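The values are calculated or read from the model by the stated rules, or taken from the named source; none is laboratory data. Keep in mind that what you see is a predicted model, and the values were worked out from it rather than measured. Note that each Cβ is placed from the backbone with ideal geometry, even for glycine, and that neighbours are counted across all protein chains shown. Please note that ligands, DNA and RNA were not included when accessible areas were found on the heavy atoms of the full protein model with its side chains. Shrake-Rupley method; radii C 1.70, N 1.55, O 1.52, S 1.80 Å.
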2 protein chains.
Amino acid sequence: MPISANNTNRKSWIEVPVDSDFPIQNIPFGVFITKDDVITIGTRIGDCAIDMGALQQLNYFEGIELTDDMFMQDTLNDFISDGKKTWRLVRNRLAELFDVTNPKLRDNKEHREIVIFNVKYIEMQLPVLIGDYTDFFSNKEHALNVGKIYRDPEHLLSPNWLHIPVAYHGRSSSIIPSGIPVHRPMGQTLPKGEKTPVFGPSRLVDFELEMAFITTDVNVMGENIPINEAEDYIFGMVLLNDWSARDIQKWEYEPLGPFLSKNFATSISPWIITMDALEPFRTKGPKQDPSPLPYLQQKGKNNFDINLEVAIQPENEEPTIVSKSNVKNMYWSMNQQLTHHTSNGCRVNSGDMMGSGTISGPTPDTFGSLLELTFGGKMPIQLNDGSERKFLNDDDTVIMKGFSKNNGVRIGFGELSTKLLPPYVRK
Amino acid sequence: MPISANNTNRKSWIEVPVDSDFPIQNIPFGVFITKDDVITIGTRIGDCAIDMGALQQLNYFEGIELTDDMFMQDTLNDFISDGKKTWRLVRNRLAELFDVTNPKLRDNKEHREIVIFNVKYIEMQLPVLIGDYTDFFSNKEHALNVGKIYRDPEHLLSPNWLHIPVAYHGRSSSIIPSGIPVHRPMGQTLPKGEKTPVFGPSRLVDFELEMAFITTDVNVMGENIPINEAEDYIFGMVLLNDWSARDIQKWEYEPLGPFLSKNFATSISPWIITMDALEPFRTKGPKQDPSPLPYLQQKGKNNFDINLEVAIQPENEEPTIVSKSNVKNMYWSMNQQLTHHTSNGCRVNSGDMMGSGTISGPTPDTFGSLLELTFGGKMPIQLNDGSERKFLNDDDTVIMKGFSKNNGVRIGFGELSTKLLPPYVRK
C-alpha cells in the first residue's frame, strides 16, 4: 500500500510555522487531555492538536475497519495492535482530510471547533501503556567511551559487544512523558577510597540521549521473528532520556546490571513518529565487522538519518546546546535489536518499548551523556550563563530534540523537556 | 484488626484432605476460568475452588466496602489496590462463611452449586497483571555457590553483596502460570575455547527455585518507603521458577546482566498466599554482618519458615525430588528488598512482583538450581528412573512445592509444574 501521507508536495489548510516538526507529512500519534478534561487519541499538525476520538465520532474514518471506540481511549495499544495496514490507512486518511484542497472539514466550522485545539491548551500523556521496556546498548562510540572510563584499555568493549545487541530490562513504572519533573534520587554509593558505602542524594545525576521504538504484537511465546520481517512490527519512535545516577550505578551494577541507578525515571517525548513518516530518511548503518551471525544479517538501508541535540537549561537561564548527534550512528539497527530480542522466544507485545542506548557520535561535541562529555566528570563543560557542569545541578532542565530533513520536508519529534528537582521530601 | 481467619481451631464444612495445602486457614486468592468459561476471582478450600464473583453477586460480602464488580475481574490488581484492611475483611468473611458451624451457605444447595467447583474443572490463570517484575539475588548460599563456579575464589561475593539486596529487572511478558509449558530457547553461546559465538538451542537449561511477593500500590514517584512500613505493602507470595539458559547467560551477561537467558519464561504458582496466612510462620533471618546501612536495618522476625522442594519428572516417569530448601535461608528480607527498591523513588504499583532469587540452603541437597546441584554441570545427579541430569532434558517437567506447618496447620502453595518442550517450530 502506498504511503500517500508522505507526499512532499502536500500542504495543509492548517497553518504550519516555518521549521515546525509537524508538517502534514508527519502525522504522529499521541494521547492528550483536552481543556474540557477529555482524554483522547490524537495527532498534530503545526501547533494544532487534532482529536481523533471526535473525528471518529463525526465519521471521518468511514470505510476504515476500526472498533467504534478505537480513538476514544487513553492509550494507543489497541490501535497499534491493529497492525501496519490500519496505521497506514488512518495516516493517509488524516493527510487527505487536512489537505489544503479538501473542503470537507476545512469548511465545516462547527466540526473544526470540536476537533482542533491549540497545543497550548492540551496536556500530553504517555502515548502507550508500556508493558515491558528494554534498553539496548547499541552505539559503538558510546560503548567505547564508557569502556575508556570504566574498563581496561585493552578491552574497551566487552567480548560479546560486536556479536550481540547487548541489552537489559528497564522499569516500565517509571516512564514519564515530557514535562513531568524528576527528583534527584537517593541511594547507596561507595566514596572513593572507602570500603563502606554511604546513603544519600546521588551527586552524579546524568542524562542519556536515546531514541526508542514502540512495537505492535510481535509473537507468541517461544516464537522468533526473522530479521526480514522485523520492521513490520515497529510502529514508530520517540525521544528518550535515560536518567542515570552514575555514583549509584558504579556501586550497584556488578554483577546483575544497572537497577536503582536507572529506574527512578525514564522520560520520553509524547508524540510517536511513525516508521512510515521516517521512511524517506532511511540510510545505511556503519559496516559491521565481524559480520554478525546469520540470524542478525540484514540487507539494505536499516538506519535512519535523524539529527539529535541535547540542551541544558539552568533555572531562569537560557538553554545551552551541549551535544549534537545522529541516530544513523547506531551500530545495531532496530531490526537487529527486535530480532535478537525474540530469538529466544521472548514475547513482545503491543506497546512494548525498546531504547537504543545512548547515541554518541565520533567527536566530543556529539557525545550523548555528561559522563562522556566531561570524561567521567574530569573536564567540566561550560554553559552560556558562565556556569560549569560536571553532572546536573538541581533545577536544571534537560531538553532533547530530534528531526529529519530532506526534499524540503522536516519531520520532527518535538521536544523532550524534563526538570531535575531536589530529592523528594516525604509528607 | 485481628486475623480471625487464622484461627487454628476452625474447621470447614468443605472436606479438606489430610495434608492439603488449602485448609480453611489458608484462603489464598487467584483467578480462574470455570467450566462455563467465565473468568473470576476466587479462593480455594481443600479441592474446591470458590467463585468469589458469584459470592459477591449473591451478596455474601455485604457490609464490606467493595466496588460492585470487584471479584468479577480477570486480575486481582484492583482488589490488591484496596489495601490490607480490605484484604483482611474479605479473608475473615470467607473463613466465617465456610466455617463448619455457619449454615448460611452450607445449607443453601442452590447457592453452593453456583459458587463451588472441583478444582479439576477450572483453569488457573495468572493472578495479577504484573506491571513490573524485579528479581533479587538475596540468598547468600546461592550467591556463594555461583561465586565458586564463576568468580575468583578470593572474592566469591561481589563487593556490594553484603550491603545491597542486589537485583535486576525481569520481563513481565514472559511470566506464565503453572501448567503452561516452556520451549527450550535458542540463543548465542560461546563454545569452550572458541572466540566466535554460535547460534542454536541452549544446551544448559536450568530451573531456579524462588519465591516471589506481590505488592499493592506502594508510593508515588520519588517517594521512598521506610523499612518499618514496608510490610504493609506486601499482599502475598507465590512459588517462582526462574527458568535459566546457563550457556546463553554466560556469554551475554557482561556488562548489563542476564537478558535472553532469563526472559524466555518465568513460571509462578497461581494461588497467592497472603502474608496474613503466613503470619504464624514468621522467624528470624540469618545474622547480617556487616550491619546494613540504617535505611535497611530491621527489628524482629522478618523471615518466614516455608519448606520448599523441587522435583524433576522425566516423560512417562515418576518425579524425583532433587532439592529441599527453606525460605528462612534468605539473607535479605522482603521488607529490605522493597525498602531498597523504593529508596531511589522508583514507583512500585499494585500487582508488581519481586522474586527472591534462588533459595539454596547450606548443604548440597538444599541447592536450588542444577547449576549448583551439579557443580556447574561437573557432577550429574541421579534420578529415580536411573537416568542422570547435568541440566534439563526436553520433556522433563519441573515441579516445585512449598508449605509451612505448625500447631497442626499446614499452609501450602500448591504446585508449580512446568514442562520443558523442544525448541518452538515456527509455522
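Observations, loosely collected:
- Filter pass, A:PHE259 being under 30 Å from A:GLY377 (Cα atoms), without any contact (Cβ under 8 Å) to a residue 24 or more places away in the chain and surrounded by 23 or more Cβ atoms within 10 Å (Cβ to Cβ): yes
- Candidates A:PRO185, A:PRO153, A:PRO181, A:PRO159, filtered to the one that is within 13 Å of another protein chain (Cβ to nearest Cβ) and farther than 27 Å from A:ILE399 by Cβ: A:PRO159
- The condition of being within 16 Å of the chain's Cα centre (by Cα), open to solvent by less than 20 Å² (accessible area, probe 1.4 Å) and either in the same structural domain as A:ILE164 (by TED's automatic domain parsing) or of a type in the set (Val, Ile, Thr) (or both) holds for only one of A:VAL205, A:VAL238, A:VAL218, that being A:VAL238.
- Summed over the range B:401-427, the residues that are open to solvent by 10 Å² or more (accessible area, probe 1.4 Å) and over 12 Å from B:ASP19 (Cβ atoms) give a count of 13.
- Qualifying residue in the range B:140-151 (condition: of a type in the set (Phe, Trp, Tyr), modelled with pLDDT under 95 and under 30 Å from B:GLY377 (Cβ atoms)): yes
- Test: B:ASP289 is open to solvent by 50 Å² or more (accessible area, probe 1.4 Å) and within 27 Å of B:ILE399 (Cα to Cα): no
- Any hit, the range B:266-283, residues being among the small types (Gly, Ala, Ser), open to solvent by 10 Å² or more (accessible area, probe 1.4 Å) and in a loop (DSSP other than H, G, I, E, B): no
- Close pairs (9 angstrom Cβ cut-off, 6 or more residues apart or separate chains): more than 14 Å from chain A (Cβ to nearest Cβ) and among the β-branched types (Val, Ile, Thr) in the range B:294-308, part of a helix (DSSP H, G or I) and buried (at least 17 other Cβ atoms within 10 Å of the Cβ) anywhere: B:ILE306/B:LEU278; B:ILE306/B:PHE281; B:ILE306/B:VAL327; B:ILE306/B:LYS328
- If you check A:PRO258, A:PRO286, A:PRO280 for being away from chain B (no Cβ under 13 Å), under 16 Å from A:PHE137 (Cβ atoms) and more than 15 Å from the chain's Cα centre (by Cα), only one passes: A:PRO286.
For (1) under 23 Å from the mean Cα position of the chain (by Cα); (2) over 30 Å from A:LEU293 (Cβ atoms), each residue gets a yes or a no:
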{"residue": "A:SER81", "(1), (2)": "yes, yes"}
{"residue": "A:ASP135", "(1), (2)": "yes, no"}
{"residue": "A:ASN145", "(1), (2)": "yes, no"}
{"residue": "A:HIS155", "(1), (2)": "no, no"}
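- Residue within the range A:199-206 that is of a type in the set (Val, Ile, Thr) and within 14 Å of chain B (Cβ to nearest Cβ) present: yes
- Among the residues listed as B:ASP107, B:ASP51, B:ASP21, the single one being surrounded by fewer than 21 Cβ atoms within 10 Å (Cβ to Cβ) and of a type outside the set (Val, Ile, Thr): B:ASP107
- Taking the criterion of being more than 14 Å from every other protein chain (Cβ to nearest Cβ) and of a type in the set (Asp, Glu), the residues of the range B:372-427 that qualify are B:GLU372, B:ASP385, B:GLU388, B:ASP395, B:ASP396, B:GLU415.
- Residue match in the range A:301-311 (condition: open to solvent by 60 Å² or more (accessible area, probe 1.4 Å), part of a loop (DSSP other than H, G, I, E, B) and closer than 30 Å to A:ILE80 by Cβ): yes
- Residue in the range A:119-135 that is open to solvent by 70 Å² or more (accessible area, probe 1.4 Å), within 14 Å of chain B (Cβ to nearest Cβ) and in contact (Cβ under 8 Å) with a residue 24 or more places away in the chain present: yes
- Scanning the range A:328-352 for residues that are within 12 Å of chain B (Cβ to nearest Cβ) and hydrophobic (A, V, I, L, M, F, W, C) turns up A:CYS346, A:VAL348.
- Some residue of the range A:137-153 being open to solvent by less than 30 Å² (accessible area, probe 1.4 Å) and in contact with a Cys (Cβ under 9 Å, 6 or more places away or on another chain): no
- Just one of the listed residues (A:GLU252, A:GLU210, A:GLU223) is buried (at least 24 other Cβ atoms within 10 Å of the Cβ), touching a residue at least 60 places away in the same chain (Cβ under 8 Å) and within 12 Å of another protein chain (Cβ to nearest Cβ), namely A:GLU252.
- Selected residue (only one of B:GLY414, B:GLY408 is modelled with pLDDT under 95 and closer than 23 Å to B:ASN326 by Cα): B:GLY408
- Restricting the first member to the range A:164-175 and to residues that are more than 7 Å from every other protein chain (Cβ to nearest Cβ) and open to solvent by less than 10 Å² (accessible area, probe 1.4 Å), and the second to residues that are at pLDDT 95 or above and outside any strand (DSSP E or B), the beta-carbon pairs closer than 7 Å and six or more apart or on different chains are A:PRO165/A:SER138; A:PRO165/A:TRP332; A:PRO165/A:GLN336; A:PRO165/A:GLN337; A:PRO165/A:HIS340; A:ILE175/A:LEU126; A:ILE175/A:ILE130.
- Here B:ASP365, B:ASP352, B:ASP396, B:ASP385 are screened, and the one residue that is in contact (Cβ under 8 Å) with a residue 12 or more places away in the chain, closer than 25 Å to B:LYS301 by Cα and among the acidic types (Asp, Glu) is B:ASP352.
- Boolean, B:SER360 is of a type in the set (Ser, Thr, Tyr) and away from chain A (no Cβ under 14 Å): yes
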